[in-house]
Every structure is written in structure tokens, then in C-alpha cells.
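Encoded as C-alpha cells, the structure appears first; notes follow it.
The values are calculated or read from the model by the stated rules, or taken from the named source; none is laboratory data. Remember, predicted model here, so these are calculated numbers, not experimental data. Cβ placement follows ideal geometry from the backbone for every residue including glycine, while neighbour counts extend to all protein chains displayed. Each accessible area value is taken on the protein alone, full model and side chains, heavy atoms only, with ligands, DNA and RNA left out. Shrake-Rupley method; radii C 1.70, N 1.55, O 1.52, S 1.80 Å.
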Amino acid sequence: MDTSSENMESQRQTLKLVTPLTLGRYHISEEYGFLLQNPLKELPEQYRSWMEIASELPHLIESRQLRAHVYKMPLLDCRFLKSHREQRLAHLVLAAITMGFVWQEGETQPPKVLPRTLAIPFVEVSRKLGLPPILVHSDLVLTNWTKRNPEGPWEISNLETIVSFPGGESLQAFVLVTVLVEKAAAPGIKALVRGVEALLQHNQDTLLQALQQLRLSIQDMTKALAQMHDYVDPDIFYTVIRIFLSGWKDNPAMSEGLVYEGVATEPLRYSGGSAAQSSVLQAFDEFLGIQHCKGSVDFLHRMRDYMPPSHKAFLDDLHSAPSLRDYVLTSAPSLRDYVLTSGAGCCLMAYNQCVEALAQLRSYHINVVARYIISAASRARSKMPSHPSPHALEDRGTGGTAVLSFLKSVREKTVEAILHPNA
Ligand code: HEM
């Protein structure tokens with residue numbers, strides 16, 4: 001490093017040390033985490049034709065009428081979408097119509113062109129938000145929830161989606177269980193910010209409390225995820241719902257991508273919607289200093305381009321924050337000498353408990369994936385042994401990964417981050 005870049009690096013270090021992470025700056029809420037606070041259910045009157053289609057989406061897809069409706073859509077100007085919440089709802093609505101349009105007839109012969117009346121406003125509102133023009137986790141989950149009784153509890157029975165796909169109650173629950181997982185993560189995100197502050201101030205007691213709060217939050221996420229089994233039918237997920245989350249990148253069914261008419265003449269390629277686009281676990285990985293292997297990092301970092309830019313910025317800034325892992329490692333001269341009742345020893349234990357809880361969450365998630373994708377795929381195969389072509393998406397995630405090897409590697413790297421006092 002030459003002198004000028006050394007100076008710049010030291011300025012950056014100083015800057016990062018004096019700039020606390022405040023959640024509001026990144027459009028993250030202490031109460032709701034990354035979920036959009038009170039998402040809108042309606043767009044301004046000018047956009048009635050979009051909302052009419054969106055509110056009938058499951059029926060229009062199932063009766064194979066959606067494409068005909070899209071071809072009749074007027075070309076609307078996005079200028080009247082003023083607020084952030086209006087733009088987020090417009091993105092959700094246009095993304096959902098796009099997925100329905102593309103996959104209405106299943107995997108066979110998806111269209112090559114998205115009509116201009118849909119493509120132009122969708123790309124315009126995507127640019128305003130800094131999101132790609134495809135359905136993303138921030139649409140399907142973060143923007144797609146409302147409470148039936150605003151004072152009522154955070155439970156499936158008191159929640160509903162704003163926009164739906166075919167799949168009935170399983171579809172609703174697939175979205176809403178994920179909403180509950182995001183909600184359960186909110187105290188963990190708050191704790192993590194407190195933890196960074198504690199590191200900056202060398203305040204071991206606060207750090208310890210923050211780590212304990214983070215562990216509880218991760219364990220609550222696992223409990224929330226378990227509700228998937230109570231409410232979502234694996235066969236409906238695999239045979240009905242999943243296709244509407246699929247994208248046109250790394251997808252053999254649409255290897256050429258999709259032309260957004262009126263926007264670009266060349267086809268564009270985007271990955272499908274996946275909770276791998278959630279910022280939560282990536283934030284925990286950054287804070288806990290968990291390092292994944294190159295292939296996984298490439299995919300996980302690519303997924304950051306599918307997050308709202310302010311959430312992505314939060315992850316980038318967390319990456320530059322003082323390292324918790326270094327602190328835990330260096331606060332005692334040797335791990336061998338750790339006395340687990342000392343302040344430093346308690347921090348090591350609390351750190352390990354967070355990492356273990358995260359590994360357990362990832363193990364649980366792998367079981368969910370095995371049930372909802374791997375087993376469901378083999379059942380679907382045995383029911384249709386003479387299916388003309390294998391399902392292109394069979395063993396791939398909607399984000400396009402070779403599912404199990406990726407998820408197991410991510411889990412193994414989490415386990416490897418555990419610090420062993422007897423080392
Ligand atoms: C039926 C339920 C679910 C299924 C079938 C499922 C499936 C998958 C698949 C296939 C992947 C690999 C990436 C891809 O290609 O998309 C993945 C990754 C991921 N999923 Fe899920 N998922 C489910 C629920 C959830 C929920 C509720 C969350 C919580 C927000 C979640 C969080 C993640 C994360 C963070 C990753 C990235 C890998 C990691 O960091 O461990 N998933 N999921």
C-alpha cells in the first residue's frame with residue numbers, strides 16, 4: 001500500500017469508528033426489522049387497472065386469462081407514484097403480474113417478450129427503488145403483509161398477504177411464515193447494532209447482553225420457521241407455488257432471458273425470488289465474522305443486488321465495522337487460558353452460542369428444503385414418470401443454486417466459526 005492509500009484507509013477506519021450504525025438511516029425499523037412498516041394496500045386511483053389485475057391474480061392465472069388481460073393493459077406513467085411505500089407496492093404489483101404472465105402456462109414455452117405496457121413502468125419503478133425488474137424477497141415478503149386486526153397478535157391467523165399467487169392457503173402461509181421469521185429477527189438486528197456500539201466503546205457488559213439478545217432472536221426465527229410445516233403443503237409448494245418465484249437467469253427453462261419490450265432489445269436475465277435475498281442472515285454473518293467459501297459468497301453477494309439499496313448498504317457498513325470475532329479472540333491472550341466465568345470468557349461463550357444458534361437455524365432450514373423441494377420433487381416424478389422433460393427447476397433453488405450442496409456448505413462454514421476454548 002502506498003502512503004496516500006494508507007492515509008485513505010486510516011481515514012476510513014477513523015470515519016467508521018465514529019459513525020454509529022443507526023437503523024433509521026438504512027430504512028430498518030427497531031420493531032419490524034427489514035419488513036416495510038405498514039405497507040400500503042392500494043395505489044393512487046390512476047393505477048386502478050394494475051390493482052384490478054393484481055387483486056384477481058390467482059384466478060386469472062388459474063383460468064389462463066392473465067396474459068390476455070396484460071395485453072390490454074394501458075401504458076401508465078410512474079410519475080404519480082410519489083411516496084416510497086407507493087413505489088414499493090407498485091413494484092410488488094408489477095412484479096407479481098410479470099411472474100404470472102411469464103409462468104401462466106407452466107415451464108413449457110414461456111414467452112420471450114414482456115409487453116411494453118408492463119415492461120416500461122416496471123423498469124421505471126425498479127429504477128426509482130434501485131431494485132431489479134423481477135419479483136424479489138422485498139416484494140413477496142417485506143412489502144406483502146398486513147394485519148387483519150392492527151392491535152392483534154403477530155400470528156398467521158391475524159395476518160394476510162396483499163398480493164397472492166395460486167396455491168391458496170399454502171401460498172398465503174408460505175409468505176406469512178417468512179414474514180414472521182423476518183419479524184422474529186428484528187430484536188436480533190437491534191441487538192447487533194447495540195453490539196457494534198459496545199465494541200466501539202469497549203463495553204463488555206453491553207456486548208454480552210447484545211449477544212444474548214441476538215441468540216434468543218435467532219432461536220425465535222427457528223421457531224417461526226417451524227410453522228412452515230403446520231401451514232404449507234409441500235406438494236402444493238413444489239407443484240404450484242414454486243414456479244411463480246422462478247427467474248430467467250441460470251434457469252434452463254428460460255436460458256435466453258426475457259426481452260423487456262420498449263426498454264432494451266437484448267433479453268435481460270434476472271434470478272428468481274428467494275429468501276436468500278433476505279438481509280437478515282447476511283447481517284448476522286457479517287457481525288459474527290462468518291466466512292463462507294468463494295462459490296457461496298459469490299452467490300450471496302449477488303443476492304445483495306436484489307435487496308433494497310439501503311439494506312445492502314447496511315450489510316456493507318457492517319462489513320466495515322470493528323470485528324466482533326477479532327475482539328473475542330484477542331480479549332484473552334490464549335484461548336487455552338480462558339476462564340469462562342471471566343468477562344472475556346462470557347463473551348466467548350455468548351459468541352459461540354450465537355454461532356451455534358445460527359448453525360441450528362441453517363440445519364433446520366436444510367430440513368425444510370429437503371421436505372419442500374427434494375422429497376416433493378421425487379413424489380412429483382413418481383406421479384409423472386413419463387413426463388416429457390425433467391423439471392428444469394427440480395434440484396435447483398428459485399435463486400438458481402444447486403440447492404443442498406450450497407446450503408450444506410453455508411451451514412458447515414457457520415459451524416467452523418465456533419471458537420474452541422481448549423484449542
Ligand atoms: C418452504 C420454505 C423454504 C424453501 C423451500 C427454501 C428454499 C431455499 C433454497 C432452495 C435456497 C438456496 C438459494 C436459492 O437458490 O434460492 C435457500 C436459501 C436461503 N433461504 Fe430459504 N427456503 C425456505 C424458507 C426460508 C425462510 C422462511 C427463510 C427466512 C428468511 C429462508 C432464508 C434463506 C436464506 C438466508 C438462504 C441463503 C442461505 C443461507 O444464508 O443459509 N428460507 N432457501
Need the failing condition index for LEU329 against (1) modelled with pLDDT under 95; (2) in a loop (DSSP other than H, G, I, E, B), just the number. (2)
Anything in the stretch 197-209 that is in a helix (DSSP H, G or I) and either within 15 Å of the ligand (Cβ to nearest atom) or farther than 15 Å from ALA350 by Cα (or both)? List them, or say none. GLU197, LEU200
When restricted to ALA376, ALA359, the only residue surrounded by 20 or more Cβ atoms within 10 Å (Cβ to Cβ), modelled with pLDDT under 95, within 16 Å of the ligand (Cβ to nearest atom) and at negative phi is ALA376
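Condition first: touching a residue at least 40 places away in the same chain (Cβ under 8 Å), assigned to a loop (DSSP other than H, G, I, E, B), open to solvent by less than 70 Å² (accessible area, probe 1.4 Å) and not hydrophobic (A, V, I, L, M, F, W, C). Now tell me which residues in the stretch 238-269 satisfy that.
Selection gives SER246, GLY247, LYS249, ASN251, GLY262, PRO267.
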Looking at (1) surrounded by 21 or more Cβ atoms within 10 Å (Cβ to Cβ); (2) touching a His at 6+ places or on another chain (Cβ under 9 Å); (3) within 16 Å of VAL102 (Cα to Cα), which one does LEU36 not meet, given that it meets all the others? (3)
Being of a type in the set (A, V, I, L, M), within 16 Å of the ligand (Cβ to nearest atom) and surrounded by fewer than 19 Cβ atoms within 10 Å (Cβ to Cβ) narrows it down to one residue among ALA184, ALA226; which is it? ALA226
Look at LEU393 and say whether it is open to solvent by less than 20 Å² (accessible area, probe 1.4 Å), modelled with pLDDT under 90 and more than 8 Å from the ligand (Cβ to nearest atom). yes
Sort out which residues of the stretch 396-423 are exposed (fewer than 12 other Cβ atoms within 10 Å of the Cβ) and modelled with pLDDT under 60, and write them in order of number. ASN422, ALA423
Just to be sure before I move on: is HIS202 closer than 30 Å to GLY106 by Cβ and open to solvent by 50 Å² or more (accessible area, probe 1.4 Å) in the structure I sent? no
Residues that are in contact with a Ser or Thr (Cβ under 9 Å, 6 or more places away or on another chain) and within 24 Å of SER279 (Cα to Cα): does the stretch 100-109 have at least one? no
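Conditions tested, residue by residue: (1) open to solvent by less than 10 Å² (accessible area, probe 1.4 Å); (2) at pLDDT 95 or above; (3) not in a helix (DSSP H, G or I).
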position: SER157; (1), (2), (3): no, yes, no
position: SER164; (1), (2), (3): no, yes, yes
position: GLN172; (1), (2), (3): no, yes, no
position: VAL175; (1), (2), (3): yes, yes, no
position: VAL193; (1), (2), (3): no, yes, no
Can you work out which of the residues in the stretch 241-294 that are away from the ligand (no atom under 16 Å from the Cβ) and hydroxyl-bearing (Ser, Thr, Tyr) is farthest from GLU412 (Cα to Cα)? THR265
What residue, among those in the stretch 131-155 that are more than 27 Å from PHE101 (Cα to Cα) and of a type outside the set (D, E, K, R), is most open to solvent (accessible area, probe 1.4 Å)? PRO150
Over the stretch 18-49, the set of residues part of a helix (DSSP H, G or I) and within 25 Å of the chain's Cα centre (by Cα) is LEU23, GLY24, ARG25, TYR26
Evaluate the stretch 310-325: report whether one residue or more is part of a loop (DSSP other than H, G, I, E, B), more than 16 Å from the ligand (Cβ to nearest atom) and under 30 Å from PRO58 (Cα atoms). no
On the basis of being open to solvent by less than 60 Å² (accessible area, probe 1.4 Å) and near the ligand (Cβ under 10 Å from one of its atoms), does MET303 make the cut? yes
